[in-house]
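Worksheet for the structure shown next.
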Amino acid sequence: MLEFFLQHRIEVVTRRTRYELRQAEDKMHLLEGLMIALQNLGDVLEIIRKAESGVTAEAALVERYALSKRQAHGILDMKLQRLTGMEQDKIRSDHDELGKAIADYKDILEKEERVIKIIHDESVEIRDKYGDERRTQIIEGTAPYD
């Protein structure tokens, strides 16, 4: 029975890690588009300014910088306040952190010992959080039920 529980936990951790990896890769894809826009900020603003509509601006960005439609849409949805120096630094640091997280997720999926370590750490955390002494007493014998 313990073996089945362990197999279940391995599957749960693996699925969760795959999900987190997909989410991180999607976000990384958008951040890469924003980084391209930040590197070519003047030209991107000029393309947007000259475009007749959002659709034409998106198409021009896709064609000019080989962006995906999602990336171009993300650039067009970006608020102008994100163009400040501090926000640009935040986008770059988010990009770097996400790259490290993606590498970590891939490492977890490649190495079963990492999955086992995560299961162990989560089990210890649950034990520490909920593992208190038994509050009821178990008394042997039979008692009549009324």
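Each reported figure results from applying straightforward, stated rules to the coordinates on display, with no laboratory input. None of the values given here were measured: they were computed from a predicted structure. When we count neighbours, we look across all protein chains shown, and the Cβ atoms used for this are built from the backbone with ideal geometry, even at glycine.
Table for the structure above
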item: Those residues of the range 38-60 which are in contact with a helix residue (DSSP H, G or I) (Cβ under 8 Å, 6 or more places away or on another chain) and closer than 23 Å to ASP89 by Cβ, in sequence order; result: LEU38, ASN40, LEU41, ASP43, VAL44, ILE48
item: Tally of residues being under 21 Å from GLY85 (Cα atoms), in contact (Cβ under 8 Å) with a residue 12 or more places away in the chain and either touching an Asp or Glu at 6+ places or on another chain (Cβ under 9 Å) or polar (S, T, N, Q) (or both) across the range 38-70; result: 1
item: Scope the range 48-61; condition over 12 Å from LEU34 (Cα atoms) and surrounded by 16 or more Cβ atoms within 10 Å (Cβ to Cβ); matching residues; result: ILE48, ALA51, ALA57, GLU58, ALA60
item: Failed criterion for HIS73 (all others in (1) exposed (fewer than 15 other Cβ atoms within 10 Å of the Cβ); (2) without any contact (Cβ under 8 Å) to a residue 24 or more places away in the chain; (3) within 24 Å of the chain's Cα centre (by Cα) hold); result: (1)
item: Per-region count, the range 114-136, residues of a type in the set (A, V, I, L, M, F, W, C) and more than 16 Å from ILE10 (Cα to Cα); result: 1
item: Residue within the range 128-136 that is surrounded by fewer than 11 Cβ atoms within 10 Å (Cβ to Cβ), within 24 Å of the chain's Cα centre (by Cα) and not in a helix (DSSP H, G or I) present; result: no
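Per-residue answers, yes or no, for (1) within 30 Å of ARG18 (Cα to Cα); (2) of a type in the set (A, V, I, L, M); (3) out of contact with any Phe, Trp or Tyr (no Cβ under 9 Å at 6 or more places or on another chain):
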position	(1), (2), (3)
LYS50	no, no, yes
ARG64	no, no, yes
LEU76	yes, yes, yes
LEU83	no, yes, yes
GLU87	yes, no, yes
ILE91	yes, yes, yes
ASP94	yes, no, yes
ALA103	yes, yes, yes
